[in-house]
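The values are calculated or read from the model by the stated rules, or taken from the named source; none is laboratory data. Just so you know, these numbers come straight off a predicted model, no measurement behind them. Cβ atoms come from the backbone with ideal geometry, glycine included; neighbour counts cover every protein chain shown. When the accessible area is computed, the model is the full protein with side chains, heavy atoms only, and any ligands, DNA or RNA have been set aside. Shrake-Rupley method; radii C 1.70, N 1.55, O 1.52, S 1.80 Å.
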Amino acid sequence: MADAIVVGGGHNGLTTAFYLARAGVGVTVLEAQDAIGGACKTEELVPGYWFSTCANYLSWLRPRVARDMRLFERGLVVQGGSPSWILEGNRPFVWWDDQDALTEEIGRFSSHDANRWAEWSTLWKRAAQLLGPFLLSYPPTIPDLFAAAARTQDVALLETLLTNSLAELADRYFESPEMRNSIRAPADIGTLWDHGSALAEALAAALATYSETGTPMPQGFVRGGMGRLTELMQQAAEEAGAAIRTGSRVARIQVEQGRVVGVELTSGEQLAADVVISNAD
């Protein structure tokens, strides 16, 4: 009998198993597929050619998780992304990583917007610092956020994030359609015009830039594909004491008298556990 069962061997399930095992909990990961990885997997779709078949770009991985699992010591290599292009009619807008080059690019379309870019960037840096301390805790309440904002004298910023859409903020800062059209809702969360989209952008900024360890987390493409990331996470979880089983599809979570007692696999095998954590989509 395991103390805990994790359903699904994706990056979240492997991270969960690692921390449980490190704390001395007997944990078993059950993955339905023949290989771990979930959304972070590298597969040979064409003979001789390997692809990241779902997630393809590493971002938002918590620096503390990378440190605790020793992912870089294990061989994780992240290579920076290249500039992106946005086509406006017949004029390409190049979104450079280098801030000076980006400001110059913005100036090709609007000197006003180029002058406002630094202020716009500072807004989201402050927003990231406001929400960042909450990333590895339970979600904050509105009073929690206001208390944190009061400590950093960012109450006005928080009120702005809570009462404006991302589109409204973009219109406030930028005049050119090129800059306004370059702003996107974060990670497919709603639209630019939705109430709450500014707060969602603040969360995205925190996930991308805030570091609990003081060391920024690199973002980019993982050498070997995203499956390399979960391969290293599997190493960390197993070294901590977690057991990982592939080809073990869970049919149902078993509950008796309102309490979980384990899982039943599609094979009919039953596994007992006091805790079941689902990493399934």
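Observations on the model:
- In Å², nearest 10: area of His11 left accessible to a 1.4 Å probe: 60
- Cα-based shape type of region 72-118, given that a ≥ b ≥ c are square roots of the gyration tensor eigenvalues and the cut on a/c is 1.5: oblate
- Based on DSSP H segments of at least four residues, each scored -39500 (n - 2.57), the chain has a per-residue ellipticity at 222 nm of -11500 deg cm²/dmol.
- Modelled this way, with points 7 Å down the Cα-to-C-beta line, the labels at Thr266 and Cys54 are 1.6 nm from one another.
- Interchain or long-range residues, amide H under 5 Å from Trp95's placed H: Ser84, Trp85, Ile86
- The charge dipole of the chain, taken about the Cα centre with unit charges on the Cβ atoms of Lys, Arg (+1) and Asp, Glu (-1), comes to about 400 debye, rounded to the nearest 20.
- Taking all protein chains together and a 1.4 Å probe, the residues Arg252, Arg74 rank Arg252, Arg74 from largest to smallest accessible area.
- Equivalent ellipsoid semi-axes, the chain, via Cα gyration tensor eigenvalues times 5, rooted, Å: 40, 24, 17
- The 3J(HN,Hα) values that the Karplus relation (6.51, -1.76, 1.60; θ = phi - 60°) gives for region 141-157 are, in residue order, 7, 4, x, 4, 5, 5, 5, 5, 5, 5, 5, 10, 6, 10, 4, 4, 4 Hz. Gly and Pro appear as x.
- Protein accessible area in region 125-281, 1.4 Å probe - carbon and sulfur %: 50
- Equivalent ellipsoid semi-axes, region 89-197, via Cα gyration tensor eigenvalues times 5, rooted, Å: 29, 15, 13
- List Thr141, Thr163, ordered by accessible area with a 1.4 Å probe, largest first: Thr163, Thr141
- Globularity index of region 152-281 is 1.59 (Cα radius of gyration / 2.2 N^0.38 Å, N = number of residues).
- In the context of the full set of protein chains, region 1-107 has a per residue accessible area of 53 Å² (1.4 Å probe).
- Here region 156-195 and region 98-154 have alpha carbon centers that stand 12 Å from each other.
- Cβ-based charge dipole, region 22-113, positive-most Cα from Trp85, Leu71, Gly48: Leu71
- Across the protein chains, with a 1.4 Å probe defining accessible surface, the residues Cys54, Cys40 rank Cys54, Cys40 from largest area downward.
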